[in-house]
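**Student:** Take a look at the following structure, please.
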Amino acid sequence: MKKNPMKKLISLILSLCLMAGIVPVMAESTAAAQSLTSESFPLYLTVNNIDSGLKKTLWFLDGVKDLPYVEANDVGQLIEDLMGSATGKFTYTSRSEGAVTTVIRERPAEGAIDNGVYATFDFDKDTITFLDHDLFCWKENSTTVLDVTAINTFNADGEPSIFQKVEKKALDRYGDQLVIRCGDYGIDLVERDGKYFVPLQILNDFFFSPGRNQNLFFNGQVLIMSDQMNTANELYYAAPTGQRSAELTEFGYKELCMMLDYCYGLKEAHNIGHFETLLHSVTFDRILKETDPAGADYMIARLIFDYLDDGHSAFLAPSYLAGPVKYDTSFGTSVTKMFAESERYAAARKVYYPDGIPGYEEVGNTAYITFDSFFTPNVNDMEAYYREEDVNAFPDNDTIGLIMKAHAQITRENSPIENVVLDLSLNEGGMSDTAVFVLAWLLGEADISVENTMTGAMSTASYLADVNRDRKFDEKDTVADKKIFCLTSPYSFSCGNLVPCVLKDSNRATLLGRTSGGGSCMVQFVSSAWGSSFRISQQKRLSFLKNGSFYDIDRGADPDYQISSPEKFYDRQALTDYINSLY
């Protein structure tokens with residue numbers, strides 16, 4: 001560990017023991033207490049637990065086998081293997097000088113904007129310093145500091161595929177230096193026998209999870225890289241169950257408090273100064289400090305559902321030490337209220353559409369587009385939209401495909417459509433990429449702003465969409481010349497809230513219904529040091545830009561015209577008449 005101020009006293013005791021002839025016993029005891037061992041473990045990847053073919057070395061201190069460390073000189077290579085670029089666009093390397101190890105992210109391309117971005121581990125100060133955390137974790141296909149799109153939007157020939165960003169309208173404001181003060185939480189970056197070690201979980205918290213939304217799960221037998229764990233993962237739960245070691249219990253509590261303090265994006269809105277204070281005030285700390293993993297997992301679940309209660313945060317799976325047990329995951333007040341609203345609107349919709357509502361419907365001069373989740377099955381293959389010849393072959397649950405079908409109908413020859421209504425009244429959110437596509441279709445360009453409250457970074461980007469699949473991004477890909485309306489309810493959440501907020505801010509669409517359900521933060525998949533899996537609202541907040549300032553969208557978008565009764569959302573003949581009366 002750190003240089004121990006008691007070493008002189010220990011040396012004196014050893015000298016006295018030498019004179020007393022009892023050094024062998026003391027030497028054996030000291031060696032046992034100061035042991036340092038390493039072991040290599042196979043690395044599996046999230047897709048069906050595929051064996052990567054790699055083995056990774058972890059270190060263990062003092063015989064504690066459930067609290068792994070990574071040797072400082074290996075950190076760069078581990079990050080490279082798990083976060084690096086398959087195309088060689090950037091690499092991660094480690095450089096050590098005494099008690100300081102620097103991991104540098106470099107691009108071979110001269111003049112690259114993020115060339116030489118680094119993270120520094122100071123083992124004397126117990127700190128991790130990022131020159132620019134957002135750039136250090138930047139994905140290779142991103143073109144803005146805080147990219148809201150995760151899909152690779154280029155084909156094999158380097159052509160824009162479905163999406164195109166308008167470079168002249170991109171605005172990036174880079175973040176400040178970020179210092180993770182592990183020592184303030186009683187967490188050691190360890191020195192032992194001239195070597196330096198970082199707890200594996202710290203890399204999850206500030207490198208893998210924010211950088212790739214992945215966690216490196218360790219069960220004592222294998223390493224599994226995945227965004228989340230679930231109870232069906234037989235490989236993960238093949239390890240023996242049991243109690244947490246005292247060392248893991250102590251470290252895990254401190255690390256949980258630190259991770260949430262830095263990474264939870266609604267901490268200020270929830271009036272949480274420090275998570276340790278909150279956990280103590282609700283007495284969860286007592287059980288979290290006990291060695292029982294099931295009790296500790298349950299406390300995380302209750303913290304999320306009772307006290308965070310934000311819709312995005314959720315407990316996902318218990319630690320391997322607890323086994324694939326089930327927990328009471330009853331929701332808190334806010335989420336329960338939101339689900340109650342969804343049931344009201346779903347019941348009203350069923351009255352008018354007992355066999356299910358169509359994705360596209362025309363009522364007179366008005367086109368209705370309805371979907372309850374933003375989703376594309378082609379997340380890794382945008383070219384699939386070009387290979388399909390018949391636009392009507394796309395299923396309604398494919399948001400991008402549905403919009404393409406609707407566009408073909410609305411823009412057909414002699415089309416009667418004057419109004420386009422996007423019905424998000426039962427939309428629970430989903431993939432932000434598809435929300436960008438919908439907005440670009442409705443408005444011609446989709447302007448999206450994101451702010452990272454942990455680093456201070458801000459980014460605005462504008463996107464175009466190739467809706468008619470001609471590989472051109474032009475006025476033929478939008479219905480912006482129509483009158484645009486959007487139906488929202490208290491259940492319109494996350495991306496179902498982002499879209500109406502952007503539409504409202506554009507001043508080119510009319511919102512109908514009730515205030516949308518909010519949800520401004522992007523989701524971050526995280527884990528505990530003992531291996532439980534959960535997700536939180538992270539520090540990256542979806543926002544809108546006004547007068548040069550960023551405002552998050554967590555409170556939802558207010559309608560321009562209120563519709564008081566859920567039944568009136570789905571009586572579309574009456575709604576069409578009402579819409580036509582507005583102009």
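**Student:** Send over a whole-number figure in Å² for the accessible area per residue of the chain, probe 1.4 Å.
**Tutor:** That works out to 43 Å² for each residue.
**Student:** If one computes the Cα centroid of segment 339-406 and of segment 510-583, what distance in Å separates the two points?
**Tutor:** Result: 18 Å between the Cα centres.
**Student:** List the relative contact order of the chain as a percent without decimals, with contacts defined as Cα pairs under 8 Å and 6+ residues apart. Walk me through the numbers on the way to the answer.
**Tutor:** Working: 1192 pairs, mean separation 85.4, N = 583.
Relative contact order of the chain: 15 percent.
**Student:** With +1 on each Lys and Arg Cβ and -1 on each Asp and Glu Cβ, and nothing else charged, work out how big the dipole of the chain is about its Cα centre, in Debye to the nearest 20.
**Tutor:** For this selection, approximately 880 debye.
**Student:** A further question follows. To make sure I understand the rule: partners must be aspartates and glutamates, Cα under 13 Å from the Cα of K55, and not fewer than 8 residues away in the same chain. Which ones qualify?
**Tutor:** Partners found: E39, D74, D81.
**Student:** I need the peptides 40-51, 556-567 ranked by packing, meaning the mean over residues of other C-beta atoms within 10 angstrom, with the highest value on top.
**Tutor:** Put in order of decreasing packing, that is 556-567, 40-51.
**Student:** Something else: Among I400, M382, S342, pick out the residue whose Cα is farthest towards the positive end of the charge dipole of segment 336-483, where Lys and Arg carry +1 and Asp and Glu carry -1 on C-beta, about the Cα centre.
**Tutor:** Positive-end residue among those listed: S342.
**Student:** Quick check on the chain: of the DSSP beta bridges with both residues there, what percent are antiparallel, nearest 5%?
**Tutor:** Working: 75 of 97 bridges.
If I count the DSSP bridges inside the chain, around 75 percent turn out antiparallel.
**Student:** When ranked by the protection proxy of mean other Cβ atoms within 10 Å per residue, highest first, what sequence do the peptides 400-408, 463-471, 432-440 form?
**Tutor:** Details: 400-408: 23.1, 463-471: 19.6, 432-440: 25.9.
Packing order, densest peptide first, comes out as 432-440, 400-408, 463-471.
**Student:** Follow-up question, since we're still on this one. Filter K165/K546; K350/K546; K483/K568; K65/K540; K56/K326 down to the pairs with a C-alpha to C-alpha distance above 29 Å, please.
**Tutor:** Over 29 Å Cα-Cα: K350/K546; K65/K540; K56/K326.
**Student:** Quick check on segment 223-264: take the gyration tensor over C-alpha atoms, sort the square-rooted eigenvalues as a ≥ b ≥ c, and tell me if it's rounded (a/c under 1.5), prolate or oblate.
**Tutor:** Because a/c hits 1.5 or more and a/b fails to exceed b/c, segment 223-264 counts as oblate.
**Student:** Also, I was wondering about something else. Net charge within 14 Å of L498 by Cβ-Cβ distance, Lys/Arg positive one each and Asp/Glu negative one each, not counting L498 itself?
**Tutor:** Surrounding charge for L498 is -3.
**Student:** Using a 1.4 Å probe on the protein chains only, how many percent of the accessible area of the chain belongs to carbon and sulfur?
**Tutor:** Details: 12420 of 24900 Å².
Exposed carbon and sulfur together represent 50 percent of the surface.
**Student:** How would E71, E383 rank on accessible area, largest to smallest, probe 1.4 Å?
**Tutor:** Sorted by accessible area, descending: E383, E71.
**Student:** Below 8 Å between Cα atoms, with a sequence gap of 6+, how large is the relative contact order for segment 443-564 in percent?
**Tutor:** 27
**Student:** Still on this model: For K472, go through the aspartates and glutamates and keep the ones whose alpha-carbon is under 13 Å away, minus same-chain ones fewer than eight residues off.
**Tutor:** Of all the aspartates and glutamates, those that pass the test against K472 - Cα under 13 Å, at least 8 places apart if same chain - are E159.
**Student:** What helices does the chain have that are whole DSSP H segments, at least 24 Å long along their own axis by Cα, and with mean Kyte-Doolittle hydropathy of 0.0 or more?
**Tutor:** Those that pass (Cα extent of 24 Å or more, hydropathy at least 0.0) are 246-263.
The values are calculated or read from the model by the stated rules, or taken from the named source; none is laboratory data. These numbers were taken from a predicted model, which means no experiment stands behind them. Every residue, glycine as well, gets a Cβ built from its backbone with ideal geometry; the counts of neighbours run over all protein chains shown. Remember, those area values only see protein heavy atoms, side chains included, never the ligands or the DNA or RNA. Shrake-Rupley method; radii C 1.70, N 1.55, O 1.52, S 1.80 Å.
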